[in-house]
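*Asks:* Below is the structure I would like to discuss, written out as C-alpha cells.
The values are calculated or read from the model by the stated rules, or taken from the named source; none is laboratory data. Remember, predicted model here, so these are calculated numbers, not experimental data. All Cβ positions, glycine included, derive from the backbone under ideal geometry; neighbour counts span all protein chains shown. These area figures cover heavy atoms from the full protein model, side chains too; ligands, DNA and RNA do not enter into them. Shrake-Rupley method; radii C 1.70, N 1.55, O 1.52, S 1.80 Å.
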Amino acid sequence: MPHSLCIELDRDVEQLTTHSPEPSTIGEKVFVSWSGGKDSCFACYKALQAGLDVRYLASMLTRNTGRLFPHYVTVQVLQAQAAAIGIPLFEQWLEVPENVTQHVRFVDYDRKYMEMLEKLKSLGITGGVFGDVSRGNPFAQAHWDRVEDFTRPVGMKAYRPLWDQDRETMIREFIDLGFKPLVIVTDNRLPELLGKVLDHTILDELKARYERSKEQERIYYHTFVLDGPIFKSRLEITESKKIAVGGVSYLEVMSFDMAAKPVC
C-alpha cells in the first residue's frame, strides 16, 4: 500500500469521531449507515481500518417500493452486496402512505430510525458510522445534528470518517484502492453515465464540465459499489435497463451474479 494511504491507527480512530479517541474504541461494535454507494462503502472501509468491529450494514427501505431511496436499489440487490462483503444487512422497513404531508413523512421516518437504533443497541451495537461529507455541502451540519439527535438518546457514538475530506481527492483515493462504483442514478443532463463504473476519466470529464458551466452546477448522481478491498466476492450485473423518473434516470438491476475474486 502507498505510504500516503498508510495512516497510523490512532490517527485513523481520531478522524472517526468528534471525541478524543479512547482505548476502548478499538473493537467497538458498530453499524454502518448503508446506501450501497461510494460514501457509505468508503466510510465502512475507514471504520474497519481504524479497528472498529462493523457488525451490520443498516438500511432504511420503503415497503411500498421495496427499494432504498434515493438510490432506487432493491432489497435483493442490497442483500447480495452485503453477502459479497460478508457483513449482514440490517433492514428497517418504512411505510410511506400516499397523499400525506412531508411533515408526516419525516415524523414516521424519525420514529422508524429511532426504532432501528434501539434494536441495534439491544444487539450490543454501541456506535454508528456515517458517510457524511461536509465540504461543498451546505446542509451537512444540519444533517449531522439530526444524526446526533438520533444516536445520543440511545447512548451510541456517531462516527464520520469522511467529514472534512476534499470530495475529489476522496473519490480518487476510493478508486485507487480498487473499489468499483457503478453509476446507478443521474439527472437527465447526463444519462449516458448510467451503467458506467466511475473512474478517473469520468471524474476528469465531470470536473471539466463543472468548470465550463456558467453556474458551476454539479451533475447529480449516485453509485452502487460492485467490488473493492472489503468485498469477499464481487458482484456482476448481468441484466439491467435504464428508466427515467421525473428529472432523474436510474439503472434497474434485473439480474446479477456473485463471482469469486482471484486469490492474491
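*Asks:* Can you tell me which residue within the stretch 178-200, out of those that are touching a residue at least 40 places away in the same chain (Cβ under 8 Å) and more than 18 Å from Gln81 (Cα to Cα), is surrounded by the fewest Cβ atoms within 10 Å (Cβ to Cβ)?
*Replies:* Start the filter on the stretch 178-200 by keeping residues that are touching a residue at least 40 places away in the same chain (Cβ under 8 Å), which leaves 178-188, 191, 194-195, 198.
Still in the running and more than 18 Å from Gln81 (Cα to Cα): 186-188, 191, 194.
Details: Thr186: 23, Asp187: 16, Asn188: 12, Pro191: 14, Leu194: 20.
My answer is Asn188.
*Asks:* Sticking with this one: Quick check on my filter: what residues within the stretch 213-264 are assigned to a strand (DSSP E or B), within 19 Å of Phe179 (Cβ to Cβ) and among the basic types (Lys, Arg)?
*Replies:* Arg234
*Asks:* Name the residue that is farthest from the chain's Cα centre (by Cα), counting only residues in the stretch 49-78 that are assigned to a helix (DSSP H, G or I) and within 29 Å of Tyr220 (Cβ to Cβ).
*Replies:* As a first pass, look at the stretch 49-78 and keep what is assigned to a helix (DSSP H, G or I): 49, 75-78.
Narrowing further to those that are within 29 Å of Tyr220 (Cβ to Cβ): 75-78.
Working: Val75: 15, Gln76: 17, Val77: 14, Leu78: 11 Å.
Restricting to residues being assigned to a helix (DSSP H, G or I) and within 29 Å of Tyr220 (Cβ to Cβ), the top hit is Gln76.
*Asks:* I'd like to verify a number: residues in the stretch 35-53 that are more than 14 Å from Pro161 (Cα to Cα) and either without any contact (Cβ under 8 Å) to a residue 24 or more places away in the chain or crowded, with 21+ Cβ neighbours inside 10 Å (or both), how many?
*Replies:* 3
*Asks:* Those residues that are open to solvent by 50 Å² or more (accessible area, probe 1.4 Å) and either assigned to a helix (DSSP H, G or I) or under 26 Å from Val225 (Cα atoms) (or both), I need them from the stretch 114-125; list them, please.
*Replies:* Filtering the stretch 114-125 for residues open to solvent by 50 Å² or more (accessible area, probe 1.4 Å) gives 115, 118-119, 121-123.
Passing the criteria: Glu115, Glu118, Lys119, Lys121, Ser122.
*Asks:* Those residues that are of a type in the set (A, V, I, L, M), out of contact with any helix residue (DSSP H, G or I) (no Cβ under 7 Å at 6 or more places or on another chain) and either at positive phi or modelled with pLDDT of 90 or more (or both), I need them from the stretch 55-105; list them, please. Reasoning before the result, please.
*Replies:* So in the stretch 55-105, the residues of a type in the set (A, V, I, L, M) come out as 57-58, 60-61, 68, 73, 75, 77-78, 80, 82-85, 87, 89, 94, 96, 100, 104.
Filter once more, so that each one left must be out of contact with any helix residue (DSSP H, G or I) (no Cβ under 7 Å at 6 or more places or on another chain): 73, 75, 77-78, 80, 82-85, 87, 100, 104.
Across the stretch 55-105, the qualifying residues are Val73, Val75, Val77, Leu78, Ala80, Ala82, Ala83, Ala84, Ile85, Ile87.
*Asks:* Let me ask something additional. Within the stretch 129-151, does at least one residue satisfy the condition of being of a type outside the set (D, E, K, R), over 22 Å from Leu251 (Cα atoms), assigned to a strand (DSSP E or B) and in contact with a Leu (Cβ under 9 Å, 6 or more places away or on another chain)? Break it down into steps so the answer makes sense when it comes.
*Replies:* Of the stretch 129-151, the ones of a type outside the set (D, E, K, R) are 129-131, 133-134, 136-144, 147, 150-151.
Those still in the list that are over 22 Å from Leu251 (Cα atoms) too: 129-131, 133-134, 136-144, 147, 150-151.
Still in the list and also assigned to a strand (DSSP E or B): 129.
Filter once more, so that each one left must be in contact with a Leu (Cβ under 9 Å, 6 or more places away or on another chain): 129.
Within the stretch 129-151, one or more residues are of a type outside the set (D, E, K, R), over 22 Å from Leu251 (Cα atoms), assigned to a strand (DSSP E or B) and in contact with a Leu (Cβ under 9 Å, 6 or more places away or on another chain).
*Asks:* Also: Can you tell me which of Arg111, Arg160, Arg146, Arg152 is open to solvent by 30 Å² or more (accessible area, probe 1.4 Å), farther than 22 Å from Leu206 by Cα and within 16 Å of the chain's Cα centre (by Cα)? Walk me through how you get there before you give the answer.
*Replies:* Values: Arg111 fails: within 16 Å of the chain's Cα centre (by Cα); Arg146 fails: within 16 Å of the chain's Cα centre (by Cα); Arg152 fails: within 16 Å of the chain's Cα centre (by Cα).
Going through Arg111, Arg160, Arg146, Arg152 in turn, just one is open to solvent by 30 Å² or more (accessible area, probe 1.4 Å), farther than 22 Å from Leu206 by Cα and within 16 Å of the chain's Cα centre (by Cα): Arg160.
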